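Input: a single structure, listed below in structure tokens.
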Amino acid sequence: MDLYEYQGKQLFARFGIPVSEGKLASTPEEARAAAQELGGQVVVKAQVLTGGRGKAGGIKLANSPEEAAQRAEEILGLDIRGHVVAKVWVEQASDIAKEYYLSVTFDRGEKKPLLMLTTEGGVDIEEVAERSPDALARLHVDPLVGFQPFQARWLCFTGGVGDPDEQKQVIGLVGRLYDAFVGADAMLCEINPLIVTPEGEVKALDSKFTVDDNALFRHPDIAEMRDLDAGDPQERLAREKGVTYVKLDGEIGILGDALEVITSDPQVKGILFNIFGGITRCDEVARGILEALERMTIELPIVVRLDGTNAEEGRAMLIEAAPPNLYVEETMLSAAERVVELAGAR
Ligand code: GDP
Ligand code: MN
């Protein structure tokens, strides 16, 4: 489950990570009141579950409550990569001398948490990793040993944090971010940018916080943060990727939409389902395919490669119940050859 910036910052604060004071607003009027209470310059920030808000015009400074209301008016309702802004976070504005990057994520390949720190923050971290990989300090934490303070010192040294006073703050912050990561059963805790103010104070200006769904039962307070208005997470993910996903009841996923699109293309003469079932069971996939074919008639040859968990069961189901234009194969290569052959014959 992804948290909004303000929710991530609430958790940061709980673990002793410095953040700015702020208030949530869902109308320009509320934004005005929030700015009034906070006093001084504020920053009005779109609360959406996607990054790159700054570039999309979702983050604006305001020098007065009046201006905060105007900025909120501009930002509320904005569509940021498929996410419509329903709330803004009004925060005391910070002066920025430097922008760093700090994160803890779960490295599935290594089966260990991975700490990353660079002084080239504020931009996309993928960009830094590509452009200047040496500037990005990366360090795995052995989950059985736990985080060690020397690891934070190594990160500072390798990542390029030179100032001793900054080092002291960042070292403390790395430990607290790791505590937040473990304490909240997170998959990702990212601060980009982690800023240094002109006065030398280090704090989190942004937060990206993802909690493991399977651990939410241990964190009812975090589970409660889920925004039901933001809609179904799969539907949202699909929207971001430019396809439609319709959430249905039951346990079978149907590629119905996709089939409709594929068959409407006159150039297509054959359809290949290439499925390797890992966690997904092939018998469930077979049931899904059969159900989809019941709803729509497809004249084209369909080749299904089914391999993995319960593959034999799945293949048997298809062979027994499928229409005559459906062919079942065990390997990707044989399936590819088959579909090319069938398409060529048409
Ligand atoms: P993102 O674009 O979704 O990652 O949103 P961020 O919260 O990281 O903000 C984007 C950028 O806006 C930051 O990198 C800053 O340059 C700028 N910004 C955000 N908050 C403040 C602030 O309090 N003061 C100033 N001067 N700039 C800010
Ligand atoms: Mn950011």
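Descriptive notes on the structure:
- Cα centroid of region 295-327 to Cα centroid of region 63-89, whole Å: 50
- Each residue of region 110-121 was assigned a 3J(HN,Hα) from its phi angle through the Karplus expression (A = 6.51, B = -1.76, C = 1.60, θ = phi - 60°), giving 8, 6, 8, x, 10, 9, 9, 9, 8, 8, 9, x Hz with x at Gly and Pro.
- Sum of -39500 (n - 2.57) over DSSP H runs of 4+, divided by residues of the chain (222 nm, nearest 500): -11000 deg cm²/dmol
- The chain: equivalent-ellipsoid semi-axes (sqrt of 5 x gyration tensor eigenvalues, Cα, Å): 47, 26, 18
- Degrees between helix 282-295 axis and first principal axis of the chain (Cα, 0 to 90, nearest 10): 70
- Helix 5-14 and the longest principal axis of the C-alpha atoms of the chain enclose an angle of approximately 60°.
- Summarised as an ellipsoid, region 21-92 has semi-axes of 19, 11, 10 Å, derived from the eigenvalues of the Cα gyration tensor scaled by 5 and square-rooted, with the largest first.
- Compared with the alpha-carbon gap, the fully stretched path from ARG226 to ASP163 is longer by 18.7 nm at 0.36 nm per residue.
- Note on region 172-190 and region 118-143: Cα centroid distance 17 Å, given to the nearest whole angstrom.
- Within the full protein context, the accessible area of ARG236 is estimated at about 40 Å² for a probe radius of 1.4 Å.
- Accessible surface for the chain, divided over its residues, is 53 Å² per residue with a 1.4 Å probe.
- Shape category assigned to region 56-117 from the gyration tensor of Cα positions, a/c cut at 1.5: oblate
- Annotation: aspartates and glutamates with alpha-carbon distance below 14 angstrom to LYS87 (same-chain offsets under eight excluded): GLU5, GLU29, GLU30, GLU73, GLU74, ASP79, ASP227, ASP229.
- Reachable lysines from LYS98, criterion Cα separation under 27 angstrom, eight or more residues apart if same chain: LYS9, LYS23, LYS45, LYS55, LYS60, LYS168, LYS203, LYS208
- Net lengthening on full extension, GLN267/ALA345 (0.36 nm per residue, minus Cα-Cα): 26.7 nm
- Subtracting the Cα-Cα distance of GLU294 and GLU312 from their residue separation scaled by 0.36 nm leaves 4.3 nm.
The values are calculated or read from the model by the stated rules, or taken from the named source; none is laboratory data. Source: prediction; values computed, not measured. Calculation scope for accessible area: heavy atoms of the full protein, side chains included, ligands and nucleic acids excluded. Shrake-Rupley method; radii C 1.70, N 1.55, O 1.52, S 1.80 Å.
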